[in-house]
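Colleague: I am attaching a structure below and will ask some questions about it afterwards.
The values are calculated or read from the model by the stated rules, or taken from the named source; none is laboratory data. This is a predicted model, so every value here is computed, not measured. Note: ideal-geometry Cβ built from the backbone for every residue, glycine included; neighbour counts use all protein chains shown.
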């Protein structure tokens, strides 16, 4: 899901902090993503003392470079009354991997294609690798593998236009289930107002679950696209168990009640397996 903030006055303040009990995570560079004017007037530390800074405005984002590292700062800024702030990226001088993630409930490849500026939005992050894990939601409508492949290509092209050196990793969806409903009619005993016994017809909807047969064709389309374009694919469908694996995930408490989304335990396992695969592929 996405969140944004729109100040209701021309002069406002934004406090950013990474103070946590488990990890010391200082930062010296801040990139604020926004739409509209964002003019930084001053920056203060948590004691209210001014911090020397350099503000570098760009289209849709502003970079703020601080003198020193901090875990909490307050940014004073002016706007023209039409400002929307979407978020901020924090960086420092410690080595490591920057990991960003986005996920919208019900999103498909075409969801991001309709935005049209995904690649442009990623540019200030200077991504080395973009991992795209989509396809499950497409499987709950009428599918067309050729149109699906076109949607994949459109999104990757959009990202690459603004990030020419980026590498991609496509992830296939795992097997899931979908609800099926059928009407069941039966005769049940009842009584009239005068107490006489009789039977009446009752029709009810019965909910059952079955394997979503649309997943496999879309998984195969992703693999084929990766082969023809020279793009690596992490076959999560196969890694998670392949055909008829969703029942096992459900019985092990890894699938949620809707049999589409994983439980916290399931998502943690998925993340750990992908992390392990990436480390092995990169030789770490």
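Colleague: Could you grab me the full set of residues in region 183-200 that are touching a residue at least 12 places away in the same chain (Cβ under 8 Å) and either loosely packed, with under 10 Cβ neighbours inside 10 Å or within 52 Å of the chain's Cα centre (by Cα) (or both)?
Modeller: Within region 183-200, 183, 184, 185, 186, 187, 188, 200 meet the criteria.
Colleague: If you don't mind, another one. Condition check: assigned to a loop (DSSP other than H, G, I, E, B) and not assigned by TED's automatic domain parsing to the domain that holds residue 168. Does residue 103 satisfy that?
Modeller: Against the criterion (assigned to a loop (DSSP other than H, G, I, E, B) and not assigned by TED's automatic domain parsing to the domain that holds residue 168), residue 103 qualifies.
Colleague: Right, next: Could you please find all residues in region 229-256 being more than 21 Å from residue 280 (Cα to Cα), assigned to a loop (DSSP other than H, G, I, E, B) and touching a helix residue (DSSP H, G or I) at 6+ places or on another chain (Cβ under 9 Å)?
Modeller: 243, 245, 252, 253, 254, 256 - these are the residues of region 229-256 that are more than 21 Å from residue 280 (Cα to Cα), assigned to a loop (DSSP other than H, G, I, E, B) and touching a helix residue (DSSP H, G or I) at 6+ places or on another chain (Cβ under 9 Å).
Colleague: Which numbered condition in (1) under 17 Å from the mean Cα position of the chain (by Cα); (2) surrounded by 14 or more Cβ atoms within 10 Å (Cβ to Cβ); (3) under 30 Å from residue 33 (Cα atoms) is the only one that residue 129 fails?
Modeller: The number of the failed condition is (2).
Colleague: Ok, one more. Sort out which residues of region 198-215 are modelled with pLDDT of 95 or more and either assigned to a strand (DSSP E or B) or within 17 Å of residue 109 (Cα to Cα) (or both), and write them in order of number.
Modeller: Those that are modelled with pLDDT of 95 or more and either assigned to a strand (DSSP E or B) or within 17 Å of residue 109 (Cα to Cα) (or both): 211, 214, 215.
Colleague: Here is a check on your reading of the model: is residue 136 within 21 Å of residue 250 (Cβ to Cβ) and at pLDDT 95 or above?
Modeller: yes
Colleague: In region 76-86, which residues are in a strand (DSSP E or B) and more than 28 Å from the chain's Cα centre (by Cα)?
Modeller: 76, 77, 78, listed by residue number.
Colleague: Quick one: would you say residue 223 is in a helix (DSSP H, G or I), over 21 Å from residue 255 (Cα atoms), assigned by TED's automatic domain parsing to the domain that holds residue 261 and in contact with a strand residue (DSSP E or B) (Cβ under 9 Å, 6 or more places away or on another chain)?
Modeller: Criteria met by residue 223.
Colleague: Which is over 30 Å from residue 70 (Cβ atoms), more than 19 Å from the chain's Cα centre (by Cα) and either at pLDDT 95 or above or assigned to a loop (DSSP other than H, G, I, E, B) (or both), of 146, 170?
Modeller: When all the criteria are applied, what remains is 146.
Colleague: Somewhere in region 89-97, is a residue within 25 Å of residue 131 (Cα to Cα), under 19 Å from the mean Cα position of the chain (by Cα) and loosely packed, with under 14 Cβ neighbours inside 10 Å?
Modeller: yes
Colleague: Sticking with this one: Is it true that residue 4 is under 15 Å from residue 83 (Cβ atoms), free of Cβ contacts under 8 Å to residues at least 12 places away in the same chain and surrounded by fewer than 16 Cβ atoms within 10 Å (Cβ to Cβ)?
Modeller: no
Colleague: Here's a follow-up. I'm trying to understand the selection: among the residues of region 108-123, which are more than 20 Å from residue 63 (Cα to Cα) and loosely packed, with under 14 Cβ neighbours inside 10 Å?
Modeller: 114, 115, 116
Colleague: Could you tell me whether region 124-131 includes any residue that is in contact with a strand residue (DSSP E or B) (Cβ under 7 Å, 6 or more places away or on another chain), modelled with pLDDT under 95 and more than 25 Å from residue 211 (Cα to Cα)?
Modeller: yes
Colleague: Quick check, is residue 143 in contact (Cβ under 8 Å) with a residue 12 or more places away in the chain and buried (at least 18 other Cβ atoms within 10 Å of the Cβ)?
Modeller: Judged against the criteria, residue 143 is not a match.
Colleague: Could you say whether any residue in region 56-74 is touching a residue at least 60 places away in the same chain (Cβ under 8 Å), outside the structural domain of residue 124 (by TED's automatic domain parsing), more than 22 Å from residue 123 (Cβ to Cβ) and over 26 Å from the mean Cα position of the chain (by Cα)?
Modeller: Yes; the residues of region 56-74 include at least one that is touching a residue at least 60 places away in the same chain (Cβ under 8 Å), outside the structural domain of residue 124 (by TED's automatic domain parsing), more than 22 Å from residue 123 (Cβ to Cβ) and over 26 Å from the mean Cα position of the chain (by Cα).
Colleague: Give the residue that is farthest from the chain's Cα centre (by Cα), with candidates limited to residues of region 201-231 that are surrounded by fewer than 11 Cβ atoms within 10 Å (Cβ to Cβ) and farther than 20 Å from residue 144 by Cβ.
Modeller: It comes out as 201.
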